[in-house]
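The values are calculated or read from the model by the stated rules, or taken from the named source; none is laboratory data. Just so it is clear, the structure is predicted and the values come from calculations on it, not from any experiment. As a convention, Cβ positions derive from the backbone with ideal geometry for all residues, glycine included, and neighbour counts pool all protein chains shown.
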Amino acid sequence: MVNQEGLVAVLHQDPETAGKALELIKAEFDVRSRWSTTDTIFDHILNSAPAARETTRGDLAAGEKAAASVFEGKYTTHTARTRRWKPTPQ
């Protein structure tokens with residue numbers, strides 16, 4: 001058994017022995033977060049992100065001109081419901 005910084009794992013060459021050891025572990029945890037589900041995590045990330053910061057390093061116009069393509073958009077995925085990334089129209 002490995003217990004390292006809150007990560008608990010059982011390892012054994014024989015999968016049955018590892019499975020028996022796993023059955024002996026009693027894990028207790030409390031999920032209190034309002035954003036802990038796949039239905040709410042994306043809204044939480046968007047709403048709690050820090051404000052955008054502008055920088056004076058580099059030349060934005062030159063970067064856009066040198067880019068092979070320029071695109072803008074907000075991309076989200078709900079992994080429990082979709083199989084691929086979908087662009088969200090703005």
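Tell me yes or no: at least one residue of segment 45-52 is polar (S, T, N, Q) and either modelled with pLDDT under 70 or touching a His at 6+ places or on another chain (Cβ under 6 Å) (or both).
No, segment 45-52 contains no residue that is polar (S, T, N, Q) and either modelled with pLDDT under 70 or touching a His at 6+ places or on another chain (Cβ under 6 Å) (or both).
I need the full set of residues from segment 45-61 which are more than 15 Å from the chain's Cα centre (by Cα), of a type in the set (A, V, I, L, M) and in a loop (DSSP other than H, G, I, E, B), in order please.
Listed by number, the residues that qualify are Ala51, Ala52.
Across segment 53-90, which residue is modelled with the lowest pLDDT among those that are of a type in the set (Val, Ile, Thr) and either under 21 Å from Ile41 (Cβ atoms) or surrounded by 10 or more Cβ atoms within 10 Å (Cβ to Cβ) (or both)?
Per the stated criteria, the residue is Thr82.
Select from segment 1-44 the residues that are surrounded by fewer than 10 Cβ atoms within 10 Å (Cβ to Cβ), among the basic types (Lys, Arg) and modelled with pLDDT of 85 or more and list them in ascending order.
Scanning segment 1-44 gives a single hit, Lys26.
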